[in-house]
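The values are calculated or read from the model by the stated rules, or taken from the named source; none is laboratory data. Every value quoted in this text rests on a predicted model; they were computed, and no experiment measured them. All Cβ positions, even for glycine, are placed from backbone atoms using ideal geometry, and neighbour counts span all protein chains on display. Areas reflect the complete protein model, heavy atoms only, side chains present, ligands, DNA and RNA absent. Shrake-Rupley method; radii C 1.70, N 1.55, O 1.52, S 1.80 Å.
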Amino acid sequence: MRASAAAKINLALVVGPLRKDGKHELMTIYQRIGIADRIDVERAERTRVDGFAGDTLVRDALELLAAHAAVDQRWHAKIEKHIPVASGLGGGSSDAATALRLANETLEEPLPHEELHDVAAELGADVPFFLVDGPRLGSGDGTTLAAIDLPQDFWIVLVLPRNAQKHSTASVYAAFDERHGAEGWDDRRTALLDALERVKRPRDLAGLPANDLASSPLAAELIALGAFRADVSGAGPTVYGLFHHDAHAKAAKRALRRVGQTWLTAPAWYG
C-alpha cells in the first residue's frame, strides 16, 4: 500500500481559551498543498518504521490502530520525507494519517471512517484533517471538521527562514496564554466566520484574520513582492504567500532565497 501524504497551511488560525481537557479552543482553515511525503505500508511480523529516524507519530498511529481494532496485526511503514520537519506544515500529522488509512485498509474488518477519525484525533489535532479531502474548517480543538468551499486557483510561495528555531507547540501556546491572547475570542471567531462567508475569489482570502499564534516580518515582504495574502502557517516558522500569477510567485521565490528555503506550490484537494 502506497500513498502521498500532503502538507498543509493554515489560511487562518484563531485561538481561544483553554478547555477543560487542557487543550485550547480554536478555529482554523486547513488547506492541503502540493508538497508531499510518500508513505508505504505493508503487513509485517513486527511494527517498524524506516526512512525517517525522528518518527514517533507513524509508529504511534499503527500501534493505536491495532489497539482500537483489537487485532494482533503489525506493519512495516516506510517514510520518504519531502515536507520540512517541524515547519508548521503538518508533515508528521499527514504521515500518521496516511499510514493509519493505509494500514486500516489491510485489515479484514477495517474501522469505519468515524472511528478512524477518533483514532486520528488521539494522535494530534491536525491528524483527522488528513483523512478527508478538500479544505476544511477546523473547530473545537481543531479535530471537528466542516467542509468549506474555497477558491483553489492561486499559487503559494513558502519560506522557511534559515536557522529558524522551531519552538514546541506547547511553548507557543504557553506564550499565547502569558500575553492573554484568548481575550476577545468570541469576536475574533465571529470575524473569521464572517470573512469566510465573503470568500468567493482568491483575493477575498486577504480578508481572513491573521494567525493568533505567530507572526513574521517575512509576511510583509511577501505582500511587497505581490502576494495578496501572507501569514505564518500553524505555530510556524514557515511563512506562506498567496499569489494570483505564477510569474510574480516565481519572482518572489527567487527574491527570498536569501533568507532561507523556498518552495513554489499550489493548493491540493487530496493526497
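Structure above, values below:
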| read-out | value |
| --- | --- |
| Flag if Leu116 is closer than 23 Å to Glu42 by Cα, open to solvent by 20 Å² or more (accessible area, probe 1.4 Å) and aliphatic (A, V, I, L, M) | no |
| Any pair with Cβ under 6 angstrom, 6 or more apart, that starts in segment 234-249 at a residue that is on the phi > 0 side of the Ramachandran plot and ends at one that is small (Gly, Ala, Ser) and outside any strand (DSSP E or B) | Gly234/Gly88; Gly236/Gly88; Gly236/Ala214 |
| Selection status of Ala164, of a type in the set (A, V, I, L, M, F, W, C), open to solvent by 70 Å² or more (accessible area, probe 1.4 Å) and over 20 Å from Pro267 (Cα atoms) | no |
| Given (1) at pLDDT 95 or above; (2) small (Gly, Ala, Ser); (3) out of contact with any Leu (no Cβ under 6 Å at 6 or more places or on another chain); (4) farther than 26 Å from Tyr173 by Cβ, index of the condition Ala252 fails | (3) |
| Selection within segment 24-70 - among the hydroxyl-bearing types (Ser, Thr, Tyr) and farther than 21 Å from Thr238 by Cα | Thr47, Thr56 |
| Per-region count, segment 222-247, residues over 15 Å from Ile29 (Cα atoms), among the aliphatic types (A, V, I, L, M) and crowded, with 22+ Cβ neighbours inside 10 Å | 3 |
| Where a residue in segment 155-177 is farther than 26 Å from Ile223 by Cβ and touching a residue at least 60 places away in the same chain (Cβ under 8 Å) and its partner, wherever it lies, is hydrophobic (A, V, I, L, M, F, W, C) and surrounded by 16 or more Cβ atoms within 10 Å (Cβ to Cβ), with Cβ under 7 Å and at least six apart | Thr169/Ala235 |
| Close pairs (8 angstrom Cβ cut-off, 6 or more residues apart or separate chains): within 15 Å of Arg2 (Cα to Cα) in segment 89-117, among the basic types (Lys, Arg) and open to solvent by less than 10 Å² (accessible area, probe 1.4 Å) anywhere | Ser94/Lys8 |
| Segment 60-74, residues that are out of contact with any helix residue (DSSP H, G or I) (no Cβ under 9 Å at 6 or more places or on another chain) and either surrounded by 16 or more Cβ atoms within 10 Å (Cβ to Cβ) or of a type in the set (Asp, Glu) (or both) | Glu63 |
